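Right, one structure below, let's go through it.
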Amino acid sequence: MENKHILLVEDNPDDVKLTLRALKKNNILNTVVVVEDGVEALDYLYGTGRFAGRELHMMPQLILLDLKMPKLDGLEVLQRIRMDERTRLLPVVILTTSNEDVDRIESYKLGANSYIRKPVDFNQFLEAVQQLGLYWLVLNEAP
Amino acid sequence: MMEATDSRKQIEQLQGLIEELQSANRELTEVNFTLLSRVREQEEETRHFSSFPELNPNPVLEVALSGEVIFHNAAVQRVLGDAGLDRGNISAFLPADMDLILRELGKRGEETLSREIVLPGKVFAATVQLVPQFSAARIYAYDITERKLAEEQLRRAHDELEMHVRQRTAELNKTMEALAAEQRRFLEVLDVLPVYVVLLAADYHVPFANRFFRERFGESRGRRCFEYLFGRTEPCEVCETFKVLQDNRPREWEWTGPDKRNYAIFDYPFTDTDGSPLILEMGIDVTVQKQAETELVEHRHHLEDLVRQRTSQLEEANEQLQEEIFERELIEAALQKSNERLALLAESAGLLLTSETPEGIVRTICEKVMRHLGCQLFLNYLIDESGQRMRLNAYAGLGEERAAEIAWLDFDLTVCGAVAREGRRMVIEDVANSTDERVHLVRSFGLRAYACHPLIYQGRILGTLSFGTFDRSSFDLDDLELMSAITGQVAIAIARKLAEGAVRRAKQEWERTFDSVPDLIAILDKEHRIVRVNRAMAERLGATPDQCADLNCYQCVHGASRPPAFCPHSQSLADGKAHSVEVHEERLGGDFLVTTTPLLDENREMLGTVHVARDISESKRNEEKIRKLNDNLKNTITQLAAANRELEAFSYSVSHDLRAPLRSISGFSQVLQEDYGDGLDEEGLDALGRIIAATRHMGRLIDDLLDLSRVSRTEMRQERVNLSSLARRVAGSLVDRNPGRHVDWLIAADVVAEGDEYLLTVVLDNLLRNSFKFTAKQPAAKIEFGVTEQADGEKVYFVKDNGAGFDMTYAGKLFRPFQRLHTVSEFPGTGIGLATVKRIINRHGGNVWIEGEPGKGAVVFFTL
């Protein structure tokens, strides 16, 4: 597995599919690891549960994190990521339907790097994903 | 003087007694002396025989130096008799100092000593002879018992006599002192008497004169009375005094003394202590009485003279008086008439002033006056309330029919009318020949003289009073004066009647007002008694106003035995101020606002209070209703707010959750279009395109709805917001996004408002975006933002454009969500923008409204 992979945390399969399509359409060819809820996301990041034994030195270059999820929601996941030394510096982009100030402000407080509202119009979504990929995967220098 | 004589006799008797006693004493002393000398002789004899001890009938004893009786004769034995001759008894014969005598024996040589020896019932005189050669003493004793007894008797008799003499002397002295004191008192009494008292002797000497006499006439110093009183050598011829001595009877006479004063003299025969005749004379100074008497006599003479003179004068005057009386009778007749008039006036004044109905009494009085004046008619007119005519109030000398004809008079064309109008009296004499037109009525009665006076009270003309006569053609001055006077009285009485009427009317008006007030009014005195209540109060108490008077307010209103704690009347009585309290009283059937106001008399003393109770039951009930309604309303509001919040939350989550499937529809439609568009015919592609467009529109709707709900949910801050710069920013972004459009922006500078910057941005964004949208088809688009001021100074902000405009009929719809006046194809939009604006403006407490005209543009106004 390539080092520069993306972790997509999204419970809605439609959104997973559309996101993957948008990435592909924008020629972002990085590997995308998809997990369906917050618990799985943490399992992946720390090599537990289903992902026990995963090589932990291979951390995703970008985490796309949905907020509204069963079991463990996105804000909790973000909090855990920022508390753990191993994942503290990973770029996390919140990708959500919510347009609530509370969510946005809370996300930034907890250390989200970006906050993107998923537009209804797929074309707009494509645009957003394109810029996202361009910035975080190409322009941004990791610490 | 009798007492003095008695005392003197007593003294003489006493003195005689003393002398008798003294001579008896002398005799007794002599007897004793003889007796004593005889006893002594016997003693001598006895002593002579004592030298013969044995034979000696008197006791003889010899005593040795040792004190032992070595010899005693038979006499000793005889004397001692039955007592025996033992040693002890014999030693009774020895002198008490025998031991001493024996011890001295050697030293003295032959010598005799005398001693007395006392034995029971006997006394012996003992001669102790010392006999040195025999170392013994011889005692010769002889009995002196009898002598001793005689001496003792003599001494006792003498003592008794002396005591007797002392007692008698003391009594005598006491009597003498009393006598002297009495004499002194007597003389003092004589000295202080305000009359003189003298004793005159037959030889004209003056043995006694009291102080009064001495002070007036000096001391006689042995001279005879006529010598020292009058300096005469012979007794006075006028003197009556000494005649007393001739017949021994008292005399009274008057005497003029050498001091030229008059004395009333009283002479009494008097016998001196020595029995010689004296005259006791007493003189009282009667000079003043004498003078007064003389003056009295003179006065009487003078008065008698005067009486004689007056009598003659009176006789003259009497004659004159007889003449004057005749004249006076004439005057009195005139006076009588005048008096009658005065009496008439006084009577009428009294009647008019005291009568309850002075109007009615006018007739009685005027009839009397009429008769007195010798008139046959009187008319009394009063001006009626209109002031335009007069009514016949009282009359006499007319038939009823005739009176009815002239019951009302106009001011013109009659004498009475003229008088009433001008306020001046008119006297018509010789009526038959008068040329005055106004006299025709008077003439028609057949009167010959007629006088009419105006009734005037305090400058106000009330009517007229007139008198007429058939007998003579004129009135004299007295007649007119009487008429004038009676007119004045009647005027006062009528005025009083009118004033009383006014007062009564005012009272009635006040009472009517008092009774028609719907409030419950009671006038209370200081003892909580009801003075008066109005009808409303009485009705509530189920009584008439009269029945309520004098009742206790707390008893009859509250059914209590004392004023209740809240009683405002008590408070007003205590502090003299008005008090109000709300009271619920079942007995009066409701709630009342009770106000007590102090009632003061003219001296500002409190009489009680006016107690006004206003029934506020209705307003209380209303208040209660309003309160309940308010509570309900508050509940409703609370419920509504809760429902609203739920609704907001619901609409939010719905909108939110709707987006995800929509995104799927939109996304996969796009996938279909892109990946499988080639396999679809034109109709299929069109359908797909419509799905995509619809999802896009729905996405916008959802976003707008979320905005709208967020407007209501976000917390508002109040801050100073520069609306001008907000507007410019919005315009700038619109221009950036639509580079093909040309719009003339007119944005007023420095428009500032208080509000929430975020929400106001939403407002301007919506409004300017709307204008931008609706001017899309306008080649010379113009959008304006500014502010004006209303008449009341409130700022009105506006956004104005010259776009499509709208029909004002639908202006009200524009601010409701989803309401649009244009199709989406004409102008795209969701119909939520203005609803959001309205909600924000309302949250700021402002108003928003819109004006427009199709094809000419629209203006949205708002206040904050």
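The values are calculated or read from the model by the stated rules, or taken from the named source; none is laboratory data. Nothing here was measured: the structure is a model prediction, and the numbers come from that model. Neighbour counts are summed over all protein chains in view; Cβ atoms, including those assigned to glycine, are modelled from backbone coordinates with ideal geometry.
For every residue, the table says whether it meets (1) within 14 Å of chain B (Cβ to nearest Cβ); (2) under 15 Å from B:Arg663 (Cα atoms); (3) touching a Gly at 6+ places or on another chain (Cβ under 7 Å).
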{"position": "A:Thr97", "(1), (2), (3)": "yes, yes, no"}
{"position": "A:Asp103", "(1), (2), (3)": "yes, no, no"}
{"position": "A:Val120", "(1), (2), (3)": "yes, yes, yes"}
{"position": "A:Gln124", "(1), (2), (3)": "yes, yes, no"}
{"position": "A:Ala128", "(1), (2), (3)": "yes, yes, no"}
{"position": "A:Leu134", "(1), (2), (3)": "no, no, no"}
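For the stretch B:711-730, the criterion of being surrounded by 13 or more Cβ atoms within 10 Å (Cβ to Cβ), within 14 Å of another protein chain (Cβ to nearest Cβ) and free of Cβ contacts under 8 Å to residues at least 60 places away in the same chain is satisfied by at least one residue.
Condition check: in a helix (DSSP H, G or I) and assigned by TED's automatic domain parsing to the domain that holds B:Ile832. Does B:Asp704 satisfy that?
Spelling it out, it is not the case that B:Asp704 is in a helix (DSSP H, G or I) and assigned by TED's automatic domain parsing to the domain that holds B:Ile832.
Does B:Ser664 qualify as being polar (S, T, N, Q) and facing chain A (nearest Cβ under 8 Å)? Judged against the criteria, B:Ser664 is a match. Filtering the stretch B:98-128 to residues that are at pLDDT 80 or above and over 19 Å from B:Ile144 (Cα atoms) leaves nothing. Here is a check on your reading of the model: is B:Leu701 touching a residue at least 24 places away in the same chain (Cβ under 8 Å), under 30 Å from B:Val751 (Cβ atoms) and within 14 Å of chain A (Cβ to nearest Cβ)? When the stated conditions are applied, B:Leu701 does not pass them. Of the candidates B:Glu682, B:Glu648, the single residue that is farther than 30 Å from A:Asp103 by Cβ and of a type outside the set (A, V, I, L, M) is B:Glu682. Filtering the stretch A:65-99 to residues that are within 26 Å of B:His656 (Cα to Cα) and among the β-branched types (Val, Ile, Thr) leaves A:Val77, A:Val92, A:Val93, A:Ile94, A:Thr96, A:Thr97.
Taken together, the criteria place B:Arg443 among residues that are assigned by TED's automatic domain parsing to the domain that holds B:Val362, among the charged types (D, E, K, R) and assigned to a helix (DSSP H, G or I). In the stretch B:322-370, what residues are in contact with a Phe, Trp or Tyr (Cβ under 8 Å, 6 or more places away or on another chain) and either under 19 Å from B:Phe475 (Cα atoms) or loosely packed, with under 12 Cβ neighbours inside 10 Å (or both)? Of everything in the stretch B:322-370, those that are in contact with a Phe, Trp or Tyr (Cβ under 8 Å, 6 or more places away or on another chain) and either under 19 Å from B:Phe475 (Cα atoms) or loosely packed, with under 12 Cβ neighbours inside 10 Å (or both) turn out to be B:Cys366, B:Glu367, B:Val369, B:Met370.
Of all the listed residues (B:Ala643, B:Ala613), the sole one being surrounded by 10 or more Cβ atoms within 10 Å (Cβ to Cβ), more than 10 Å from chain A (Cβ to nearest Cβ) and under 30 Å from A:Lys68 (Cβ atoms) is B:Ala643.
Could you list, in sequence order, all residues of the stretch B:805-825 that are part of a loop (DSSP other than H, G, I, E, B) and either without any contact (Cβ under 8 Å) to a residue 12 or more places away in the chain or in contact with a Ser or Thr (Cβ under 8 Å, 6 or more places away or on another chain) (or both)?
B:Phe818, B:Arg820, B:Thr823, B:Ser825
Please specify each residue of the stretch B:429-440 satisfying the condition of being of a type in the set (Val, Ile, Thr) and assigned to a loop (DSSP other than H, G, I, E, B). Passing the criteria: only B:Thr435.
In the stretch A:82-90 there is no residue that is within 14 Å of chain B (Cβ to nearest Cβ), free of Cβ contacts under 8 Å to residues at least 40 places away in the same chain and either under 30 Å from B:Glu715 (Cα atoms) or not small (Gly, Ala, Ser) (or both).
Taking the stated definitions as given, is B:Val195 farther than 26 Å from B:His72 by Cβ, out of contact with any Leu (no Cβ under 9 Å at 6 or more places or on another chain) and surrounded by 15 or more Cβ atoms within 10 Å (Cβ to Cβ)? Reasoning before the result, please.
Details: farther than 26 Å from B:His72 by Cβ: yes; out of contact with any Leu (no Cβ under 9 Å at 6 or more places or on another chain): yes; surrounded by 15 or more Cβ atoms within 10 Å (Cβ to Cβ): yes.
So B:Val195 fits the description; yes.
Just need a number here: residues in the stretch B:285-314 that are assigned to a helix (DSSP H, G or I) and touching a strand residue (DSSP E or B) at 6+ places or on another chain (Cβ under 8 Å). Residues flagged as assigned to a helix (DSSP H, G or I) and touching a strand residue (DSSP E or B) at 6+ places or on another chain (Cβ under 8 Å) within the stretch B:285-314 amount to 2. Look at (1) surrounded by 18 or more Cβ atoms within 10 Å (Cβ to Cβ); (2) touching a Gly at 6+ places or on another chain (Cβ under 8 Å) and you find that B:Tyr554 fails only one, number (2).
Restricting attention to the stretch B:340-365, the residues that are part of a helix (DSSP H, G or I) and either farther than 26 Å from B:Thr464 by Cα or in contact (Cβ under 8 Å) with a residue 40 or more places away in the chain (or both) add up to 12. Count of the stretch A:92-119 residues, restricted to those that are modelled with pLDDT of 90 or more, within 14 Å of the chain's Cα centre (by Cα) and in a loop (DSSP other than H, G, I, E, B), is 3.
Of the strands (runs of 3 or more DSSP E) entirely within the stretch B:511-612, those holding at least 3 residues that are out of contact with any Pro (no Cβ under 9 Å at 6 or more places or on another chain) occupy B:520-525, B:579-585, B:590-600. Contact list please: Cβ distance under 6 Å, first residue in the stretch A:10-24 and at the interface with chain B (Cβ under 8 Å from one of its Cβ atoms), second residue buried (at least 18 other Cβ atoms within 10 Å of the Cβ), pairs at least six apart or on different chains. The qualifying pairs are A:Asp14/B:Ser664; A:Leu18/B:Gly667.
When you look at B:Arg690, is it away from chain A (no Cβ under 14 Å) and basic (Lys, Arg), yes or no?
Yes.
The single condition among (1) touching a residue at least 40 places away in the same chain (Cβ under 8 Å); (2) among the aliphatic types (A, V, I, L, M); (3) surrounded by fewer than 17 Cβ atoms within 10 Å (Cβ to Cβ); (4) farther than 25 Å from B:Glu12 by Cα that B:Leu119 does not meet is (3).
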